[in-house]
Amino acid sequence: MSALWINLTPDSHRVTADGRVELRRLSRLRSAPAARHRYATDTFLLWLYATGHDQRPTDPTAFLDAAESHFAGDALSETELDYALARLTNSGLVEDAGTEPRTVAITLDGIDCVLSGATVSDYLNRTRPGDYYSITGTNVVAGSQGKVEQHNHNNAFDPGVMREFAALVQQLAPTYGLDPVQQAELIRDAEVLDEEASSETAQPGRVRAAYDTVMGRLTQIGAASAALTTTLQQGQQAYNAVFGG
């Protein structure tokens, strides 16, 4: 029996309580503009790399026909694609090829972003010039032009990025092509990871076990997609940040 559906007769079904919770979660997710825009930007860049990593001009509207163009089960719009293109073009990760009809190509910086495994926002934030600060405790030691750097001598266990990874898994779970039972199990495992990482007395062993469970399910997904690739990359980054590479 599915965790989301109950078979009443051979021709009828009823949504279970878990199913209703999941439907409400997806509805809220679909109506979150910031989440949609982040997904559109990150996923389009990954799609463009997979489609034209040799930097050949590519029709961007073809993305809307790809399976990755759906967010939480809802198709991205042309307006959302235009937003993603504008952000990627303005930041130098994608360039307009100057053709008619319009085509675009990934730049060397765009390829570097994809290969780094970072999201577009993280990549741009860490490569954008700014003030350099060396921080020890609460005292600013020095400042000049360059990058932001923090020296943290507090060895306390901080699994905060695991919460972000767990949230990403829950957000993208509907795009992985899983059946309802597998999807529900993956979301539950991600919720467990979030709970362990959110605990005031988070234990490294428990967090790592919950992380391994989620990653184990993700790596068993047979169908490759840009969304799955993004999730696995973020998972590895979270692991390296918390436990060391």
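Every number in this text was worked out from the coordinates using simple rules, so none of it is lab data. Not measured: the values here are computed from a predicted model. In this analysis, Cβ positions are derived from the backbone assuming ideal geometry, glycine residues included, and neighbour counts consider all displayed protein chains.
Could you give me the ³J(HN,Hα) list for region 184-198, computed from phi with Karplus coefficients 6.51, -1.76, 1.60 and θ = phi - 60°, whole Hz, x at Gly and Pro?
3J(HN,Hα) across region 184-198, in whole Hz: 5, 5, 4, 5, 4, 5, 5, 5, 5, 4, 4, 5, 5, 6, 8.
If amide H atoms are built 1.01 Å from N in the plane of the peptide, which residues on other chains or at least 5 residues away come under 5 Å of the amide H of VAL94?
Here the answer is THR89, THR107, since their amide H atoms fall under 5 Å of that of VAL94.
Treating only the Cβ of Lys, Arg, Asp and Glu as charged (+1, +1, -1, -1), what charge dipole size does region 159-202 show about its Cα centre? Round to the nearest 20 debye.
Result for region 159-202 is approximately 140 debye, rounded to the nearest 20.
Does region 157-243 classify as rounded, prolate or oblate by the C-alpha gyration tensor (a ≥ b ≥ c root eigenvalues; a/c under 1.5 gives rounded; else a/b over b/c gives prolate, otherwise oblate)?
Numbers: a/c = 2.20, a/b = 1.64, b/c = 1.35.
Since a/c reaches 1.5 and a/b is larger than b/c, the shape of region 157-243 is classed as prolate.
Once amide H atoms are built 1.01 Å from N in the peptide plane, which residues 5 or more positions from PHE71, or in another chain, come under 5 Å H to H?
Here the answer is LEU76, since their amide H atoms fall under 5 Å of that of PHE71.
Place a label point 7 angstrom from the Cα of LEU115 along the Cα-to-Cβ direction, then list the residues of region 208-227 whose backbone nitrogen is under 19 Å away.
none
Please find the FRET efficiency linking GLU195 to ARG56, where r is the Cβ-Cβ separation and R0 is fixed at 45 Å, and quote it to the nearest 0.05. Could you put the intermediate results ahead of the total?
Details: r = 46 Å, r/R0 = 1.02.
Here the calculated transfer efficiency is 0.45.
Using R₀ = 30 Å, calculate the FRET efficiency as 1/(1 + (r/R₀)^6) where r is the Cβ-Cβ separation of ASP179 and ASN125; round to 0.05.
The computed FRET efficiency comes out at 0.20.
Apply 1/(1 + (r/R0)^6) to the Cβ-Cβ distance of ASP82 and GLN203, taking R0 = 35 Å, and write down the FRET efficiency to the nearest 0.05.
Here the calculated transfer efficiency is 0.15.
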